[in-house]
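Data block below; observations after.
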Amino acid sequence: MFKNARMYRLGTPFGLPAADLEEALGTRRFRPCGPVEVATLGWSAPLGDETSGLVHGVGGCLLLCMRKQERLLPSAAVAEAVDERIAEIETSEGRDVGRSERRSLREQIVTEMLPRAFTRSRRTLFYIDTESNWLVVDAASEKTAEEAISLLRVTLETLPAKPATPRQAPAGILTTWLLAGDAPADFVPADACELRDAEDSGSVIRCKGQDLSSDEILNHLRAGKQVVKLALDWDERLSFVLADDLSLKRLKVGDALLDEIDDQDDPAARLDAEFALMALQLRELFVRMDTIFGLIGEEGGAGTSTGTALPPWK
């Protein structure tokens, strides 16, 4: 299912019914690139091309899929074609080609080459949790996530969603977890991390397959480096790499939970079951993260945690 998770807090409850959302997305349904289009962007069926629905709802969560198709024009190939065209003009007409003409030639050549260019498509899944007011994007980069949210915002004409901002600095908390060995019982450090010097962003150490409690790692932390990425196992339910911007990468659902849906043979049914399972676990994980980091949303309020507040990393 999702390999990444980027969290965005909705400023107001998402009250649009699934049927109305489906109708709105239908106005911007994905279509392939035309002969001279560089890229197209639209909505696709989240459960695959064998299905037609643009919204898939389960457990208070609405699953959507943005699809982007681009024509691939290598800049080196365009530059070579432009140079050849300029050389022809200068030789046949005995004159230099100015900057403005060069720009026009480049545009002309791109238009000529586009219909023959290969295309590449990318699907980005994300969902709206209407019960806990989160929007979660399966994107490794902030740019891709913002592109998906922007498309939804344009489609709906409004969408008050912003990244959750932690009250407690994640790097400081993750560093303490390793340095003091006092990570919460439900967050078990795995075997990978990224360390960065607080005063020199170019000084980075990436560790994989390492014992993170070893003197080698601890000495780097004692020398002032901070943990900006840390592989974690959460409560035997999810494993992931948590970054200091609170994004999750290498996200996996625990094997014990996946065993519950192993009897699903139909691909769409299995995807539905995996989504329902993952969304529920992430909903509970975000409550836990809110307790630890203090997630500030659109209106400046805290996130979803309830009850007595715990110390910052307990």
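The values are calculated or read from the model by the stated rules, or taken from the named source; none is laboratory data. Just so we're clear, the structure is a prediction, and the values are computed from it rather than from any experiment. In this analysis, Cβ positions are derived from the backbone assuming ideal geometry, glycine residues included, and neighbour counts consider all displayed protein chains. The area values use the complete protein model at the heavy-atom level, side chains included, leaving out ligands, DNA and RNA. Shrake-Rupley method; radii C 1.70, N 1.55, O 1.52, S 1.80 Å.
Just a few scattered comments:
- When +1 charges are put on Lys and Arg Cβ atoms and -1 charges on Asp and Glu Cβ atoms, the dipole computed for the range 46-135 relative to its Cα centre reaches about 180 debye.
- In the chain, taking the dipole from charged Cβ atoms about the Cα centre, the farthest positive-side position among GLY98, ALA192, LEU251 is held by GLY98.
- For PHE30, distant residues with modelled amide H under 5 Å away: TRP43, SER44
- Reduced Cα scattering model of the range 73-187, Debye log10 I(q)/I(0), q = 0.12, 0.16 Å⁻¹: -0.76, -0.92
- Cα gyration tensor, the range 1-71 - rounded (a/c under 1.5), prolate or oblate: prolate
- For the chain, a simple Cβ point-charge model (Lys and Arg +1, Asp and Glu -1, everything else neutral) yields a dipole of about 780 debye relative to the Cα centre.
- Treating r as the C-beta distance of ILE86 and VAL204 and R0 as 45 Å, the FRET efficiency rounds to 0.60.
- Heavy-atom accessible surface of the chain, averaged per residue, reaches 52 Å², computed with a 1.4 Å probe.
- Note on the range 1-124: dipole from Cβ charges, positive end direction compared against GLN108, PRO46, PRO32; the farthest Cα belongs to PRO46.
- The range 19-134: C-alpha gyration tensor shape, a/c 1.5 cut-off, then a/b vs b/c: prolate
- With the Kirkwood sum run over all distinct C-alpha pairs, the range 167-259 has a hydrodynamic radius of 13.5 Å.
- The range 72-99 residues near the modelled GLN108 label - backbone nitrogen below 15 Å, point 7 Å along Cα→Cβ: 81-99
- Test item: Cα-centred dipole of the range 1-70, Lys/Arg +1 and Asp/Glu -1 on Cβ, debye: 320
- Taking the C-alpha atoms only, the angle from helix 75-93 to the longest principal axis of the chain is near 20 degrees.
- Extension gain for ARG31 to LEU72 (0.36 nm times residue separation, less C-alpha to C-alpha distance): 13.1 nm.
- Using alpha-carbon coordinates, inclination of helix 99-113 to the longest axis of the chain, degrees: 80
- Modelled spin labels at LEU258 and LEU16, positioned 7 Å past Cα toward Cβ, are 3.3 nm from each other.
- Cα gyration tensor shape of the chain, rounded if a/c is under 1.5, else prolate or oblate by comparing a/b with b/c: oblate
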